[in-house]
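Presented below is the structure to which this report refers.
The values are calculated or read from the model by the stated rules, or taken from the named source; none is laboratory data. Just so you know, these numbers come straight off a predicted model, no measurement behind them. All Cβ positions, even for glycine, are placed from backbone atoms using ideal geometry, and neighbour counts span all protein chains on display.
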Amino acid sequence: MLRIIAHLDMDAFFASVEGRENPQFRGKPLAVGADPKEGKGRGVVSTANYLARKYGIHSATPISVAWRLSEKAKAQGLPPVIFLPVNMGHYADISEKIMTLLRKEVELVEEASIDEAYLDLSFLGTFKKAEDWARRVKEQIKSEERLTASVGIGPNKLIAKMASGKNKPDGLTIIKTKEVKDFLSPLSIREIPGIGPKTEILLNSKNIKVISDLQKMSEEELGEMLGKWGRDLYYKAQGISDAPVTEDHEVKSIGEQETYEEDTLDSMIIMESINAMATRIIKSMQDSEFKSFRTVTITIRFSDFQTKTRSRTIDFLGKDPVTLKREALKLFLPFLDKRENPQKKLIRLIGLRIEKLY
Ligand SMILES: [Mg+2]
């Protein structure tokens with residue numbers, strides 16, 4: 001069956017949300033991120049709208065640099081940048097609405113980040129139908145959320161992702177299987193996901209600048225130059241990728257479980273294990289690419305192997321073990337009494353997990 005994959009990426013998501021909710025910002029450059037503190041601030045810009053990008057301000061621009069660029073624009077008679085703090089809980093709510101809208105349309109939705117998703121559109125059968133589908137969904141997001149999205153459609157995730165970046169904002173780019181090679185050839189090697197500044201410098205030093213330069217090389221040559229990653233790159237440069245679209249649950253959650261030596265209903269023992277798991281889970285989160293969570297899930301397995309799962313999504317961003325312990329206990333306490341455990345069954349296993357990680 002023909003694989004048809006879409007990558008949907010919200011345009012300047014955080015800044016667009018702020019713009020839509022504050023009509024007084026319309027037509028003005030916005031940067032959502034750290035507090036610039038008149039140029040002395042630390043931290044970076046999370047998202048800049050398209051007007052601020054014209055000043056040279058982008059995601060990950062140091063906030064002090066963004067401040068200086070804004071001052072420079074001001075001195076030239078241009079509107080200064082409006083700096084706004086990151087209101088992550090709110091963006092996450094809107095993200096959830098958009099993801100829900102997508103899930104009503106497509107069975108397989110992979111939430112790649114708060115404002116990006118891969119969708120498996122193979123069930124539509126043709127690129128033409130996928131294109132019509134994307135137009136309709138973009139309109140729906142526009143009318144329901146007053147936000148624009150850019151969509152790329154291709155034979156795999158790699159091409160879909162590269163295509164969605166091509167005509168931003170409000171773009172729709174379709175790359176059919178037979179167009180893949182021509183689409184890739186003229187692009188800078190930097191556009192291949194995973195090629196960072198270091199690899200770029202290394203490859204440039206060997207006169208490899210655009211993807212067609214890579215396409216001329218063999219898998220062995222690239223392997224010798226860059227090891228395993230070089231071999232991966234060989235396939236990427238050819239536009240070959242068979243990574244599946246997968247639901248995010250396994251990927252974006254961190255959890256643990258503990259099976260007790262003896263089944264128990266001793267609240268001290270259980271709370272101690274919840275506390276210990278919470279501390280370790282927060283540590284793993286801090287060591288990962290994520291810094292906060294919104295959903296806490298507990299699993300309880302009774303001695304008869306009946307298993308129950310309870311979840312709670314908080315309306316702020318949880319960051320510390322205290323928050324996780326508190327939310328886990330709220331979910332767990334009913335299992336100690338007749339609310340969730342009328343027969344006073346003993347507990348064999350407890351699991352704790354955080355999801356909706358940002
Ligand atoms: Mg985006």
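Can we say residue 262 is in a loop (DSSP other than H, G, I, E, B), charged (D, E, K, R) and loosely packed, with under 14 Cβ neighbours inside 10 Å?
Values: in a loop (DSSP other than H, G, I, E, B): no; charged (D, E, K, R): yes; loosely packed, with under 14 Cβ neighbours inside 10 Å: yes.
Answer is no for this residue.
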Select from the range 114-152 the residues that are part of a strand (DSSP E or B) and within 16 Å of the ligand (Cβ to nearest atom) and list them in ascending order. 116, 117, 118, 119, 149, 150, 151, 152
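Could you pull out the residue among 147, 102, 124, 84 that is under 29 Å from residue 290 (Cβ atoms), more than 20 Å from the chain's Cα centre (by Cα) and hydrophobic (A, V, I, L, M, F, W, C)? Give the derivation first.
Details: 147 fails: more than 20 Å from the chain's Cα centre (by Cα); 102 fails: more than 20 Å from the chain's Cα centre (by Cα); 124 fails: under 29 Å from residue 290 (Cβ atoms).
Answer to the check: 84.
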Only one residue in 331, 357, 352, 324 is of a type outside the set (Gly, Ala, Ser) and more than 13 Å from residue 255 (Cα to Cα), so which one is that? 331
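Tell me which helices (runs of 4 or more DSSP H) are completely within the range 1-108 and hold 3 or more residues being away from the ligand (no atom under 15 Å from the Cβ), of a type in the set (Lys, Arg) and at pLDDT 95 or above, or say none if there are none. Give the derivation first.
Working: elements: 13-21, 50-54, 63-75, 88-105.
The helices (runs of 4 or more DSSP H) meeting that bar are 63-75.
Filter the range 220-245 for residues that are of a type in the set (A, V, I, L, M, F, W, C) and out of contact with any strand residue (DSSP E or B) (no Cβ under 6 Å at 6 or more places or on another chain) and give the result. Talk me through it step by step, then tell me what you get.
As a first pass, look at the range 220-245 and keep what is of a type in the set (A, V, I, L, M, F, W, C): 222, 225-226, 229, 233, 237, 240, 243, 245.
Those that are of a type in the set (A, V, I, L, M, F, W, C) and out of contact with any strand residue (DSSP E or B) (no Cβ under 6 Å at 6 or more places or on another chain): 222, 225, 226, 229, 233, 237, 240, 243.
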